[in-house]
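Comments concern the structure below.
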Amino acid sequence: MQESTQNAPESLCGTRCDHLSEMPEGEHQKTGRKAREREEIRLSENPSHLLSKEGFAMYIGKTVDAIVSMAKAGKLPAVYMADPLKPGGNAELYINRKAWDEACDRLIENAPQEWHDWENRLFLFKPTSGRRNRNISGKAA
């Protein structure tokens, strides 16, 4: 019966330690496994009106799970599409991006004036009625 020496540490002059020092920086130092490379996220300049749940999640900056729960709660213009040749098959979730954008535009148009004041606050200075100014005026009196 042979013993497995695959995970056993090698002698001081062994090659296992030498391999760790010669690894590229992208590899894990202890196990020798490479770090998983992330794919670059690319969005189309003009996406379709119907987006998959993954595409819509990237579009609005939410997680896929959040998109699914919002669709189940009726908070999204969602459409479930199934293969008509497989009536019992799984349906895929698609969200109407155009309807979402139009609803967002209506919300902005119908927002109260207080909400639109953020545009004015971008270029104004902070009010001078803060605590610091009260202390200065109290010392001068």
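Here, each number is a calculation from the coordinates, and none is a lab measurement. From a predicted model like this one, the values you see are computed outputs, not experimental measurements. Reconstructed Cβ throughout: ideal geometry from the backbone, glycine too, with neighbour counts over all protein chains shown.
Structure notes:
- Summed side-chain charge close to Q113 - residues other than Q113 whose Cβ falls under 14 Å, Lys, Arg +1, Asp, Glu -1: -3
- Distance between the pseudo-spin-label points of D117 and S48 (7 Å out from Cα toward the beta carbon): 4.5 nm.
- Considering segment 50-112, its Cα convex hull presents a mean projected area of 5.0 nm².
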